[in-house]
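Contents: one structure, followed by commentary.
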Amino acid sequence: MITLLNVFSITAISAGAFFFFAGTVGLLRFPDSLSRLHALTKADTLGLGLVALGLLPRADSALSALKLIVIWALVLLSAASTAQLIGRALRQSRR
Amino acid sequence: MTPLMLAGLVGASLVGLGLYGLILHPHPLRKLLAFNLIGNGVFLVFGIVARRGAAAGFRFDPVPQAMIITGIVVAFAASALAVAIILRLSAESGRVTLDPEAWTKPNGGDAT
Amino acid sequence: MNELFLAAAGLIILMVAIGLARILRGSSDVEKLMAVQLLGTGGIAALLLIAYATSVPGVEDVALGLALLAAFATIAFVNLLDAEQGDTGA
Amino acid sequence: MSILPYIDIGLALLVVGIAGTTIAARDQFAAVVGYVAYGLLLAFVWIRLYAPDVALTEAAVGSGVTGVLLITAGKRLGALKNPAPEAQPPLTLKLLIGVLAVLVAGALGAAILLLPDPPPSLAPEAAAAADSAGAGLGNPITAVLMSYRSFDTMLEKLVLILAVVGVWSVGADKAWGSAPAELRQPKATAPMVFLAQMLAPVGMLIGIHIFWTGANAPGGAFQGGALLAAMWMVIMMAQLAKLPRIDAQWLRVALVSGPAVFLIFGLAGEVTAGSFFAYPHSLAKPIILFIEAFMVLSITAALPMLVAGPPSERPDR
């Protein structure tokens, strides 16, 4: 059971780190601001979610585990909405 | 090189950077920002002392940490007061600079 | 296991550093807002990993606070940029 | 062979690098964004020093709210983007100041490298104080703030109020009593309103939780209050609420309530437990939480007022 959980943690965290890598590659390679914003907010949010998922089995208590999930939910909400806000501001500044 | 020493050196460099900015930037808000950097550096150096209390059988020394927390809030209050005074100063004088030469010149320097 | 956490944290910090360097060198003001966004996600992930590996207690609350503040700072910055465009554009 | 030292070095370089960017940045806006990023990173360093309480305070007050204060001020100065390049100081002066800064930083660094061994510590004393007066508090930092150094904490609240009074008093005479200038002029956009409506309730819950849990775990009145203040500012930025007039009765009561309650209990300690700021042993925890609740109220009211600045009669200035 322990090893199974460890494998789960390792897989999730490795995948999370990969998505951060992908997000940064997008940030460096994409041609314009809007697509860079897209790479940053989507890939990194997914990466954070996977990292939080991988840390779940290691949480001290049920409350800590719940907080990890809330952190992800909070970042999901704020990343999606602030991406909208930044995107709007980008479009307006280009005009 | 322990993490403690490293953090202390970060604090020392922050003080240096802040000092440089505080003296050289003519813009008042930039001076304020640089001053905050100095403050953070000082807190960090002070925090090293907090962490070194670990040798006495604790993971940290709570007294300096509590004082740093107090210090951060007081630093913010002082910054807010400084901002208010800067805004008032520029509203009265029409200038946004603390460059002494801009103030001594008869009517130059107020580019903004 | 802890070493793996740290390795992942190291990789994420490296990515955040590269991203920050790219963003803060960028030309437009609005793009610079992404720096805060980047720290709001990558920073929190690295923070959680490091704290779990070095067993710092109660780090979830710090991460919650950071997530809230990253959103707060972005809102404040966008708000002022918008207000500025409103002044000149309309 | 651990990776941790390399992560530490990388973090240190990153913090110093971003701090350098804020000093070197050409325009005000880039400097402030850099400063907020730097503050969030500094929270990492505090986590590495096993100081999550300080990390949270630094991130909330040191970087978040201070950043918003600076950017709001920059906008009001109309100098968010410096239209004309400012006169650069001469190169010799730059070099001179650079050498001075390096000398000061070097001296500090040397002092750190040469710290005495074994280190002096107040931890045993504080732990004893936490055991006696702050009984029942699992978080030694809260115990220190609320009992061992309680006088400091109360005076610090007074400093916050003094700062608010100071900020209000630099406003124009005619504007006295009216509300500070709005944090935002044009109509709020739909995503902003949505985000504020979703974020603020959750954020307030988290702020209250961090205050509540501060008795036993990292967190406390400052951190919780700062988060609540940030959420109040979000609400005002999305124009879901207006900035209060500075002569509003409730605002003033909220501002003063923290230190006032603290002082009342401190004086009561003189009568019941024999010394100023001493709490009866069995009631220490509920009393401390009660005082802290009012301190949270004070901080939540004070921080947005400090950011909003002096009262203004016109909608924009």
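For the stretch D:22-29, the criterion of being at the interface with another protein chain (Cβ under 7 Å from one of its Cβ atoms), in a helix (DSSP H, G or I) and modelled with pLDDT of 85 or more is met by at least one residue. So, D:Tyr35, is that one at the interface with another protein chain (Cβ under 7 Å from one of its Cβ atoms), surrounded by fewer than 24 Cβ atoms within 10 Å (Cβ to Cβ), part of a helix (DSSP H, G or I) and among the aromatic types (Phe, Trp, Tyr) or not? It is false that D:Tyr35 is at the interface with another protein chain (Cβ under 7 Å from one of its Cβ atoms), surrounded by fewer than 24 Cβ atoms within 10 Å (Cβ to Cβ), part of a helix (DSSP H, G or I) and among the aromatic types (Phe, Trp, Tyr).
Of all residues in the stretch C:1-32, those satisfying the criterion of being touching a Ser or Thr at 6+ places or on another chain (Cβ under 6 Å) and of a type in the set (A, V, I, L, M) are C:Met15, C:Ile18, C:Leu24, C:Val30. The single condition among (1) closer than 28 Å to C:Ile23 by Cα; (2) modelled with pLDDT of 90 or more; (3) buried (at least 16 other Cβ atoms within 10 Å of the Cβ) that A:Ala73 does not satisfy is (3).
The number of residues in the stretch D:210-268 being more than 11 Å from chain C (Cβ to nearest Cβ), surrounded by 16 or more Cβ atoms within 10 Å (Cβ to Cβ) and not in a helix (DSSP H, G or I) comes to 4. Restricting attention to the stretch D:137-185 and to residues that are assigned to a loop (DSSP other than H, G, I, E, B), modelled with pLDDT under 70 and more than 9 Å from chain B (Cβ to nearest Cβ), the residue that is farthest from B:Met67 (Cα to Cα) turns out to be D:Gln185. Contact annotation: residue pairs with Cβ atoms under 7 Å, 6 or more positions apart or on different chains, pairing a residue in the stretch B:33-46 that is buried (at least 24 other Cβ atoms within 10 Å of the Cβ) with a partner that is of a type in the set (Ser, Thr, Tyr) and part of a helix (DSSP H, G or I), are B:Leu33/D:Thr22; B:Leu33/D:Tyr35; B:Asn36/B:Ser79; B:Asn36/D:Thr66. Just a yes or no: is a residue in the stretch A:22-31 closer than 23 Å to D:Val234 by Cβ and crowded, with 22+ Cβ neighbours inside 10 Å? No, that holds for no residue.
Residue-by-condition table, conditions (1) in contact with a Lys or Arg (Cβ under 7 Å, 6 or more places away or on another chain); (2) modelled with pLDDT of 80 or more; (3) in a helix (DSSP H, G or I); (4) farther than 28 Å from D:Phe194 by Cα:
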position: C:Ala7; (1), (2), (3), (4): no, yes, yes, yes
position: C:Leu14; (1), (2), (3), (4): no, yes, yes, yes
position: C:Ile18; (1), (2), (3), (4): no, yes, yes, yes
position: C:Ser27; (1), (2), (3), (4): no, no, no, yes
position: C:Ile44; (1), (2), (3), (4): no, yes, yes, no
position: C:Leu64; (1), (2), (3), (4): yes, yes, yes, no
position: C:Ala76; (1), (2), (3), (4): no, yes, yes, no
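C:Lys32 meets all of the listed conditions (1) free of Cβ contacts under 8 Å to residues at least 24 places away in the same chain; (2) facing chain A (nearest Cβ under 9 Å); (3) within 27 Å of D:Leu195 (Cβ to Cβ); (4) out of contact with any Lys or Arg (no Cβ under 8 Å at 6 or more places or on another chain) but one, namely (2). Checking the stretch A:44-62 against the condition returns a match, with at least one residue being over 15 Å from the mean Cα position of the chain (by Cα) and of a type in the set (Lys, Arg).
The values are calculated or read from the model by the stated rules, or taken from the named source; none is laboratory data. Only a predicted model underlies this, so the values are computations on that prediction, with no experimental measurement involved. Glycine also receives a Cβ, built like all others from the backbone with ideal geometry; neighbour counts cover every protein chain displayed.
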